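One structure is given here, and the rest of the page talks about it.
The values are calculated or read from the model by the stated rules, or taken from the named source; none is laboratory data. None of these values were measured; they are calculated from a predicted model. Methodologically, a virtual Cβ is constructed for each residue, glycine included, from the backbone with ideal geometry; neighbour enumeration extends over all protein chains shown.
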Amino acid sequence: MRCPFCNNTDAKVVDSRSSKDGEAIRRRRECLSCERRYTTYERIEEIAQTVLKKDGSRETFDRWKLKAGILKAIEKRPVTLDQVEALIDEVERKLFSSTDHEVTTDQIGEVVMHKMKNIDEVAYVRFASVYRQFKDLNEFMNELKGMLT
């Protein structure tokens, strides 16, 4: 484990506990060089899940890629990183709990939007505008009208 601040590999674990959902172990670490603290999460590595993209190509599911998209949508919104992690955990459980190890980007986007709508409506609209690739203002307004009814 490398310190995100000074890149040193020596750290001690200050606190360790299971995450709220029990799917990961949260560890609070302190760098022995710069003495700054940071948090790590340990998860069991599961069978690689495949994502079928819109262009027909396939790639391995990347939790961090999904997180980056969600973080852009929640920028300057009152959403915590714990909420984002919980959202991603829910998405992974919902999509990959079946025996089918392949999902489409459409399935991922729909699940994320459904969950995000309950967390923050502005972040939901931001994510939907990128995910659905609205072609004009009317499509965007129809999405907003659907939220208001």
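Reported count of residues in segment 98-138, each being at pLDDT below 85, among the polar types (S, T, N, Q) and surrounded by 14 or more Cβ atoms within 10 Å (Cβ to Cβ), is 1. The residue list 76, 65, 72, 20 contains one member that is in a loop (DSSP other than H, G, I, E, B), at negative phi and either basic (Lys, Arg) or buried (at least 16 other Cβ atoms within 10 Å of the Cβ) (or both), which is 20. Only residues that are among the hydrophobic types (A, V, I, L, M, F, W, C), in contact with a Lys or Arg (Cβ under 7 Å, 6 or more places away or on another chain) and not assigned by TED's automatic domain parsing to the domain that holds residue 101: list them for segment 4-54, please. Correct list: 5, 11, 13, 14, 24, 32.
Here residue 54 passes the criteria (1) more than 11 Å from the chain's Cα centre (by Cα); (2) modelled with pLDDT of 90 or more; (3) closer than 17 Å to residue 130 by Cβ except the one numbered (2). Among the residues of segment 14-39, those identified as farther than 25 Å from residue 88 by Cα, in contact with a strand residue (DSSP E or B) (Cβ under 9 Å, 6 or more places away or on another chain) and of a type outside the set (Gly, Ala, Ser) are 14, 30, 31, 32, 36.
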